[in-house]
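Undergrad: My questions all concern the structure below.
Nothing in this text is a laboratory measurement; each read-out follows from the coordinates by a stated rule. All of these numbers come straight from a predicted model, not from anything done at the bench. Cβ sites come from the backbone with ideal geometry, for glycine too, and all protein chains shown count toward neighbours.
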Amino acid sequence: MISHNLQRVIAQIDAACASSGRSATDVALLAVSKTQGPLAVREAFAAGQGAFGENYVQEGVEKILSLADLRAQVQWHMIGPVQSNKTRQVAEHFDWVHTVDRFKIAQRLSEQRPSHLPPLQVCIQVNVDGGINKSGVAPQDALTLAREVAALQRITLRGLMSIPEGTIDFIAAYARHSSAKALFDHIKMAQIGGHAQWDTLSMGMSADLDAAVAAGSTVLRVGTAIFGARVR
Ligand SMILES: *Cc1c(COP(=O)(O)O)cnc(C)c1O
């Protein structure tokens, strides 16, 4: 089931890349395993999937620890909100964090990243459509935050992440993803220096991945299309 779904999602990504003139090797698939048990992750791993995304720190850490035998072969990405009191767990267990939207959080992650691990790979979450209740830095503040985060020692700043307002309409989804891509390009042009390797634009989920690929996404975060409906 999971292996079949994965094949279907990969075929859909390949088709989306082909129709927008992009190379399939430029778009990575992050399997969002929140609420799924370790067995589902094992099944996806056995089917060739190597990168997994988690939304909740406690659940993610438990899963990472229960899959310790796979640790060297799997990348774990934090894609949910990170509160100050959870930064240590994130810094100690995850490879990536997509959801940094405040300097204070980045600073704690950098300070708490253990020295035996490589730098934490970080994306800045941007609130492209200005939803007042949503996480993410305002687009006009993203460049300043990027410069500050890139100066931190134990972080490699990789790019932007966005979660636009849900929509099934391709044109509307494309427009929202395109504004994130424009901001991504703007910051790239600014050459922020520091510990930045500005190559990642994390956007697109099960329902809008075609539009995200067309707009320039480099990481698709896909849950339900791979694992089926979530249990909670
Ligand atoms: C749950 C989640 C996803 C995956 O959503 P699906 O619709 O299940 O593909 C992607 N990104 C974030 C931030 C999520 O919380």
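Undergrad: Test of understanding: among ALA180, ALA207, which residue is away from the ligand (no atom under 13 Å from the Cβ), without any contact (Cβ under 8 Å) to a residue 60 or more places away in the chain and either in a helix (DSSP H, G or I) or basic (Lys, Arg) (or both)?
TA: ALA180
Undergrad: Could you please find all residues in segment 16-47 being without any contact (Cβ under 8 Å) to a residue 40 or more places away in the chain and out of contact with any Asp or Glu (no Cβ under 8 Å at 6 or more places or on another chain)?
TA: Answer for segment 16-47, where residues must be without any contact (Cβ under 8 Å) to a residue 40 or more places away in the chain and out of contact with any Asp or Glu (no Cβ under 8 Å at 6 or more places or on another chain): ALA18, GLY21, SER23, THR25, GLY37, PRO38, LEU39, VAL41, ARG42, PHE45.
Undergrad: Sticking with this structure for a sec: State all residues of segment 130-171 that are closer than 15 Å to LYS188 by Cα and either of a type in the set (A, V, I, L, M, F, W, C) or in a strand (DSSP E or B) (or both); if no residue qualifies, say none.
TA: ALA142, LEU143, LEU145, ALA146, VAL149, ALA150, THR156, LEU157, ARG158, GLY159, LEU160, MET161
Undergrad: Do we find a residue being of a type in the set (Ser, Thr, Tyr) and either under 25 Å from VAL137 (Cα atoms) or crowded, with 17+ Cβ neighbours inside 10 Å (or both) anywhere in segment 12-19?
TA: no
Undergrad: Also: Specify the residue that is surrounded by the fewest Cβ atoms within 10 Å (Cβ to Cβ); the eligible residues are those in segment 169-218 that are closer than 18 Å to ALA15 by Cα and among the β-branched types (Val, Ile, Thr).
TA: ILE171
Undergrad: A follow-up question, please. For segment 35-77: of the residues being within 18 Å of the chain's Cα centre (by Cα) and in a loop (DSSP other than H, G, I, E, B), which is nearest to the ligand (Cβ to nearest atom)?
TA: ASN55
Undergrad: Surrounded by 22 or more Cβ atoms within 10 Å (Cβ to Cβ), more than 14 Å from the ligand (Cβ to nearest atom) and in contact (Cβ under 8 Å) with a residue 24 or more places away in the chain: which single residue out of VAL149, VAL97, VAL128, VAL82 fits that description?
TA: VAL149
Undergrad: Now, a different point. If GLN89 meets every condition in (1) crowded, with 17+ Cβ neighbours inside 10 Å; (2) of a type in the set (S, T, N, Q); (3) in contact with a Gly (Cβ under 8 Å, 6 or more places away or on another chain) apart from one, which number is that one?
TA: Evaluating GLN89 over (1) crowded, with 17+ Cβ neighbours inside 10 Å; (2) of a type in the set (S, T, N, Q); (3) in contact with a Gly (Cβ under 8 Å, 6 or more places away or on another chain) leaves (3) as the failure.
Undergrad: Within segment 111-125, restricting attention to residues that are surrounded by 23 or more Cβ atoms within 10 Å (Cβ to Cβ) and hydrophobic (A, V, I, L, M, F, W, C), which residue is farthest from ALA190 (Cα to Cα)?
TA: Checked segment 111-125; the qualifying residue farthest from ALA190 (Cα to Cα) is LEU120.
Undergrad: Considering only residues of segment 162-207 that are β-branched (Val, Ile, Thr) and in contact with a Lys or Arg (Cβ under 8 Å, 6 or more places away or on another chain), which is farthest from CYS17 (Cα to Cα)?
TA: ILE192
Undergrad: Within segment 210-230, count every residue that is within 12 Å of the ligand (Cβ to nearest atom) and of a type in the set (A, V, I, L, M).
TA: Of the residues in segment 210-230, 7 are within 12 Å of the ligand (Cβ to nearest atom) and of a type in the set (A, V, I, L, M).
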